[in-house]
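Participant: This is the structure I want to talk about, given as structure tokens.
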């Protein structure tokens, strides 16, 4: 082996037999979770406890400000602003509340603006899951002032942001990675929502579909434990669910009922798209105003006040109106008021940048749409179509169909509506996915210059191995070759494209690597004496290698960590050299995935033959007869 040689061994025929997969494959598992899961889960349980009390405090604050602003009394009981006796002066209440919020945002933290979930997403994606402590204090206060002064919002967005801030703050007290901080931030958000709505499973699904951006045990388990802990404490702090009891509905609604669910899903998709566009149309309008954004909420507050004069039930969270819709006890006047007035003041005020959530308003407007649909769809019981429409609008607007289905169930405890909810929610989801590029939540993130993908799939680098893409036809150097022989060979060798030169001993075991720059440097530094040195004395022995049974994802991470773009592939245990893998080889996995996405074929072809044709074929076949 005095000169560089090429090896072209078939991987499956090598004596070491890495096609048998060996011990390295036995180390691969379905999941990548480690024992770090245990301490993170312990912290998540503690966060669940804190978040439950934070949710209680937020609801009490909303009740307190509502009573102070509209009734002039000190009470934390949740009441509707619609029963106030302020008359025309009620218009000033949301204006005054909005002024306070604008000042808090200007001189406290701009992060309190908006409905909470986009801010939590941005904290996760951009800020390393770090939330400032002042946000944890100002967000619930500003949201309570906004809702308490008549803002047509829900408590879920603020509690998600506040719970996430609590989780982030606790995480920042420990030496954790950004991924671990993200898990604890989301655990706080899910726990807060779980305690607020008595919906622990939907809270976990919301975390997965909107906040985690992954489905891994390392994050799912802590988030689920935090949500469960908050749900247990809710029993003692706020009582049990369901939040909105409904009459019993039939288990099977028949073909006509299911066709009605299809129509409900389509109409819910249309409403979802219109709701999203209206919010951002209002935001665009405020952007064009020649005044500082601090004053925008006051304009939104004026719209709230005027809307409240026309239709008082549009003010506040509106849980009582949602309950009435699900009981089938509201009038057409209320239904139209929710769809027209609530929609208008919600879109304008949210576009103005005030603080408040979107989930409860979506439930109310979806329920109102269902109330209209109940006038011409088959009668499936009181509140049936408002409930189905409510879930469909939620799934279509937030692009979270599974969350909407489970959330509707946990709010009502009506297990008979799973199938109708599945049909309507998925159709609404499909409609908005095909008509809008982004949801009401991710649009705000995009407007801040970031892109968020909501599709989860198995990375092709996870399922392909090094042995499937590595190069086996490569130049290999003998350890006994001298530097002079190598230099002469490189001058005449036509294979100049290979930059990494592996060196092996007589048994084919990997010794180290050289690069062409290494050769030139050794010759320049050592002179004529260096030309007589064998390669075994000058190779780089501290080499980062890949192994044949490793997934390509592991190799990509190793390349990123070490800064290399190519590696030798070595059989573990024996040290036998098998080939090389370079960064461009990893594109083969992406290419295979791309081909699966765009290549269309028909593997199964049906051939219909007439009896006459069939008989003639058999007569020509000598094997028949």
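Participant: What residue, of 103, 68, 92, 137, is at pLDDT below 90, surrounded by fewer than 17 Cβ atoms within 10 Å (Cβ to Cβ) and part of a helix (DSSP H, G or I)?
Facilitator: Of 103, 68, 92, 137, the one residue that is at pLDDT below 90, surrounded by fewer than 17 Cβ atoms within 10 Å (Cβ to Cβ) and part of a helix (DSSP H, G or I) is 137.
Yes or no, residue by residue, for (1) without any contact (Cβ under 8 Å) to a residue 60 or more places away in the chain; (2) in a helix (DSSP H, G or I); (3) buried (at least 24 other Cβ atoms within 10 Å of the Cβ):
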{"residue": "159", "(1), (2), (3)": "no, yes, yes"}
{"residue": "179", "(1), (2), (3)": "yes, yes, no"}
{"residue": "184", "(1), (2), (3)": "no, yes, yes"}
{"residue": "191", "(1), (2), (3)": "no, yes, yes"}
{"residue": "242", "(1), (2), (3)": "no, no, no"}
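Participant: Suppose we filter 225, 266, 233 for residues that are in contact (Cβ under 8 Å) with a residue 60 or more places away in the chain, part of a helix (DSSP H, G or I) and under 23 Å from the mean Cα position of the chain (by Cα); which single one remains?
Facilitator: Going through 225, 266, 233 in turn, just one is in contact (Cβ under 8 Å) with a residue 60 or more places away in the chain, part of a helix (DSSP H, G or I) and under 23 Å from the mean Cα position of the chain (by Cα): 225.
Participant: Could you figure out which of (1) buried (at least 23 other Cβ atoms within 10 Å of the Cβ); (2) in a helix (DSSP H, G or I); (3) in contact with a helix residue (DSSP H, G or I) (Cβ under 6 Å, 6 or more places away or on another chain) isn't true of residue 131?
Facilitator: In the conditions (1) buried (at least 23 other Cβ atoms within 10 Å of the Cβ); (2) in a helix (DSSP H, G or I); (3) in contact with a helix residue (DSSP H, G or I) (Cβ under 6 Å, 6 or more places away or on another chain), residue 131 misses (2) alone.
Participant: Of 151, 163, which residue is assigned to a helix (DSSP H, G or I), modelled with pLDDT under 90 and surrounded by 19 or more Cβ atoms within 10 Å (Cβ to Cβ)?
Facilitator: The match here is 163.
Residues checked against (1) within 29 Å of the chain's Cα centre (by Cα); (2) without any contact (Cβ under 8 Å) to a residue 24 or more places away in the chain:
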| site | (1), (2) |
| --- | --- |
| 35 | yes, yes |
| 38 | yes, yes |
| 44 | yes, no |
| 47 | yes, no |
| 51 | yes, no |
| 59 | yes, no |
| 62 | no, no |
| 70 | no, no |
| 73 | no, yes |
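Participant: Could you list, in sequence order, all residues of region 244-263 that are under 24 Å from residue 339 (Cβ atoms), in a helix (DSSP H, G or I) and touching a residue at least 40 places away in the same chain (Cβ under 8 Å)?
Facilitator: 257, 260, 261, 262, 263
Participant: May I pose another question? In this structure, does residue 369 turn out to be closer than 30 Å to residue 299 by Cα and modelled with pLDDT of 95 or more?
Facilitator: In short, yes.
Participant: Take region 292-313 and flag every residue that is buried (at least 18 other Cβ atoms within 10 Å of the Cβ) and either in contact with a strand residue (DSSP E or B) (Cβ under 8 Å, 6 or more places away or on another chain) or assigned to a loop (DSSP other than H, G, I, E, B) (or both).
Facilitator: Listed by number, the list holds a single entry, 311.
Participant: Related question: In this structure, is residue 552 touching a strand residue (DSSP E or B) at 6+ places or on another chain (Cβ under 9 Å), in the same structural domain as residue 475 (by TED's automatic domain parsing), modelled with pLDDT of 85 or more and more than 30 Å from residue 481 (Cα to Cα)?
Facilitator: yes
Participant: Quick one: which helices (runs of 4 or more DSSP H) lie wholly within region 372-487 and hold at least 1 residues that are surrounded by fewer than 18 Cβ atoms within 10 Å (Cβ to Cβ)?
Facilitator: Where helices (runs of 4 or more DSSP H) fall fully within region 372-487 and carry at least 1 residues being surrounded by fewer than 18 Cβ atoms within 10 Å (Cβ to Cβ), they are 418-435, 442-447, 460-463, 466-469.
Participant: Here is a check on your reading of the model: is residue 203 in contact with a helix residue (DSSP H, G or I) (Cβ under 7 Å, 6 or more places away or on another chain), crowded, with 23+ Cβ neighbours inside 10 Å and under 23 Å from residue 428 (Cβ atoms)?
Facilitator: Against the criterion (in contact with a helix residue (DSSP H, G or I) (Cβ under 7 Å, 6 or more places away or on another chain), crowded, with 23+ Cβ neighbours inside 10 Å and under 23 Å from residue 428 (Cβ atoms)), residue 203 qualifies.
The values are calculated or read from the model by the stated rules, or taken from the named source; none is laboratory data. The structure presented is a predicted model; accordingly, all values stated were derived computationally and were not measured. Cβ: placed from backbone, ideal geometry, glycine included. Neighbour counts: every protein chain shown.
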